[in-house]
Amino acid sequence: MVYDVAIVGGGITGCAIARELTRYHLQVILLEKEAEVGFGVSKANSGIIHGGHHGKPNTLKGKLEWTGNQLWDTLHEELGFGFQRNGELTVALQEDQLPTLAELKWQGETKGVPGLELWEQEKLQKEEPHLSPDIIAGLYAPTTGVINPYEACFNLIENACLNGLELVTDCPVTGLSQDKDYWTIQTPKGEYASRFILNAAGLFADEIAKMAGVGDFTIRPRKGEEYLLDKRLQGYVKRVIFPCPTPVSKGILVIPTFDGTLMVGPTAEMIDDKHDLTTSSAGSSQVFNSVTQVVPGISARDCIAEFAGLRPVADGEDFIIGPTAKRGFFNVAGIQSPGLTAAPAIATLILDILHEEGLNLSPKDNFTPSIEKPIHFASLPTEAQMELAKRDSSYSHLICRCEFVTEGEILDAISRGARTLDGLKFRTRAGMGRCQGGFCSGRCMELLSQKLDIPVSEVTKRGGNSWIVRERDEVFSSDV
Ligand SMILES: Cc1cc2nc3c(=O)[nH]c(=O)nc-3n(C[C@H](O)[C@H](O)[C@H](O)COP(=O)(O)OP(=O)(O)OC[C@H]3O[C@@H](n4cnc5c(N)ncnc54)[C@H](O)[C@@H]3O)c2cc1C
């Protein structure tokens, strides 16, 4: 069979494009090298839907930031992932930073971003009492929001599959060759043929382009370390707090995540290794030294978890979206920040381009825009929790004590495609709380093992060879 479109990579970019393509009468396949979608850059970021005013209006990423921002409300209504517009403050500590605030305001207004306001010290202290009294002014943007990025990937792909997408995970693309009318895609799971190929492979998009014979750009990782703080700081700040930006980074932020924890970060460091996800004491010092200047009550002692993500930065720093010298092969590459924000706009842009290049977009009458929303037991009122637990006893068994996650939610997540411990964690929050899975990991592994009908020793943290336990026999034979 020859597919109409094959997407390489199931990050937020690939998932958003896949879902958009399934609106039409097309055969679409998405090939993802990891065990689940959203396990690349899209799982390890700041989770901000940027307000629309940060990106320069003359760059593609600057334009798509604002267009993308406006598309998230409808997606949220239809697909039910965590998303909330809680607004943002970019703050100035010195007089010489005031022109930057004015420029950001002008930049946003040029793009049509509504509601931008300059706030003076008194208003800032009233609205956000934990901000440093040294802050002299701030730019308020009501359009900024926070999102659960992995949940967005999972729900987009679940909806795309409902509408006919073929999803193949654990399936790295290893080679590409062009025949007269279609491309042949090599993978360890066999060959696939497709008329159009979309290269949405994040950090590895330069390698996929090289396989297609159009490797005329490189992707370098820019590492960002992030630090999650204890829930005791929930509500400490209401809005995302940005310092004044620098030419390479939006700066180190204080982020009230959708789930109620505070997160601080990210750093911005160009590195060479696309697999280096380590955090460092230098990174931690940089983050906490920086954020305590704007929110002095934050302390490194409140850190419960840390991680690093790698922004896929292309030469020239902008997104690379469009056709290439090879007919039928398209790049959706260099999707660094604000790629999460821009993803829905990237999807509409690439569909327009595909249409111009000869892809027939004939809408389906039976496209279903929504999915059955996953239950989040912890956020239900007590009466609804009791009613649910009475109806289905799996909702009366608590699996994760820190985040109040029930067995019913774990089983539902597995039925929706969770295959790994991280897949469960990102879908349900089991293991994301203060004890970081110390209590619930074993039970989650048992449930994965039972439902997927695999031995516990085959359950992995994030796919591949990230096994967690070994069979007793294996341990003895390797120790002898
Ligand atoms: C620290 C940090 C903070 C950030 N904060 C924000 C923010 O707050 N807001 C915002 O808008 N943006 C933010 N970003 C940027 C955002 O995370 C990225 O722009 C976005 O996630 C990129 O998505 P993607 O789908 O293009 O890439 P990815 O999510 O990496 O997806 C690419 C996929 O391709 C797969 N793949 C790779 N090679 C192959 C192959 N050979 N075969 C098959 N599959 C393959 C990968 O496994 C991966 O799943 C941040 C980034 C970082 C690192």
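The values are calculated or read from the model by the stated rules, or taken from the named source; none is laboratory data. What you are looking at is a predicted structure, and each value in this text was computed from that prediction instead of being measured. Using ideal geometry, Cβ is built from the backbone for each residue, glycine included, and neighbour counts are taken over all protein chains shown. With ligands, DNA and RNA removed, areas are computed over all heavy atoms of the protein, side chains included. Shrake-Rupley method; radii C 1.70, N 1.55, O 1.52, S 1.80 Å.
Some points to look at:
- Applied to segment 326-335, the Karplus parametrisation 6.51 cos²θ - 1.76 cosθ + 1.60 on θ = phi - 60° returns per-residue 3J(HN,Hα) values of 9, 3, x, 10, 10, 9, 10, 10, x, 7 Hz, with x for Gly and Pro.
- Table column - 3J(HN,Hα) (Hz), segment 272-283, Karplus curve with 6.51, -1.76, 1.60, x for Gly and Pro: 9, 8, 6, 10, 7, 10, 6, 9, 9, 5, 5, x
- Cα gyration tensor, segment 377-479 - rounded (a/c under 1.5), prolate or oblate: prolate
- Of all DSSP beta bridges in the chain, antiparallel share, percent nearest 5: 70
- Cα lying deepest toward the dipole's positive end in the chain, options ASN465, VAL405, PRO256, charges on Cβ: VAL405
- Look at the dipole of the chain built from charges on Cβ: of PHE319, GLY82, GLY202, the Cα furthest out on the positive end belongs to GLY82.
- Sequence ranges 65-76, 164-175, ranked by mean other-Cβ count within 10 angstrom, highest first: 65-76, 164-175
- Label point 7 Å beyond Cα of ASN58 along Cβ direction - residues of segment 102-121 with amide nitrogen under 20 Å: 102-113
- Scoring 432-439, 133-140 by mean Cβ neighbours within 10 Å over their residues and listing the highest first yields 133-140, 432-439.
- Farthest towards the positive end of the charge dipole of segment 384-480, among the residues THR428, PRO455, SER394, is the Cα of THR428, using unit charges on the Cβ of Lys, Arg, Asp and Glu.
- Residues whose placed amide H lies under 5 Å from that of ILE304, excluding near-sequence neighbours: LEU228, LEU229, ASP230
- In terms of its alpha-carbon gyration tensor, segment 302-385 comes out oblate; a/c meets the 1.5 threshold, while b/c is at least as large as a/b.
- Debye, to nearest 20: dipole size of the chain, +1 on Lys, Arg Cβ, -1 on Asp, Glu Cβ: 240
- Difference of contour (0.36 nm per residue) and Cα-Cα distance, ASP272 to GLN84: 64.2 nm
- With the helix formula -39500 (n - 2.57) applied to DSSP H stretches of n ≥ 4, the chain reaches a computed 222 nm mean residue ellipticity of -9500 deg cm²/dmol.
- Cβ-Cβ distance of LEU380 and ASP230, R₀ of 25 Å, FRET efficiency by 1/(1 + (r/R0)^6): the value works out to about 0.60.
- Links that overshoot a 25 Å alpha carbon limit, given the list LYS238/LYS390; LYS43/LYS250; LYS33/LYS373; LYS126/LYS231; LYS105/LYS126: LYS238/LYS390; LYS33/LYS373
- Counting protein heavy atoms only, the chain has 50 percent of its accessible area on carbon and sulfur, 1.4 angstrom probe.
- Computing FRET efficiency as 1/(1 + (r/R0)^6) for LYS390 and GLU356, where r is the C-beta to C-beta distance and R0 is 45 Å, gives about 0.20.
- Segment 373-480 - charge dipole about Cα centre, Lys and Arg +1 at Cβ, Asp and Glu -1, debye rounded to 20: 400
- For the peptides 197-206, 117-126, 401-410, 454-463, residues were scored by their other Cβ atoms within 10 Å and the scores averaged per peptide; the highest-first order is 197-206, 401-410, 454-463, 117-126.
- Segment 186-301 shape via C-alpha gyration tensor axes, a/c threshold 1.5: prolate
- Note on ILE321: accessible area approximately 30 square angstrom, rounded to 10, probe 1.4 Å, nucleic acids and ligands left out.
- In order along segment 447-456, the Karplus-derived 3J(HN,Hα) couplings, from 6.51 cos²θ - 1.76 cosθ + 1.60 at θ = phi - 60°, round to 5, 4, 4, 5, 6, 8, 6, 10, x, 4 Hz, and Gly and Pro are given as x.
- For segment 199-232 versus segment 392-410, the inter-centroid distance based on Cα atoms is 35 Å.
- Basic side chains Lys and Arg get +1 at the Cβ, acidic Asp and Glu get -1 at the Cβ, and with that the dipole of segment 56-167 about its Cα centre reaches some 300 debye.
- The chain - accessible surface per residue (Å², probe 1.4 Å): 43
- Computed label-point distance, nm, for sites ASN366 and ALA102 using a 7 Å Cα→Cβ extension: 6.0
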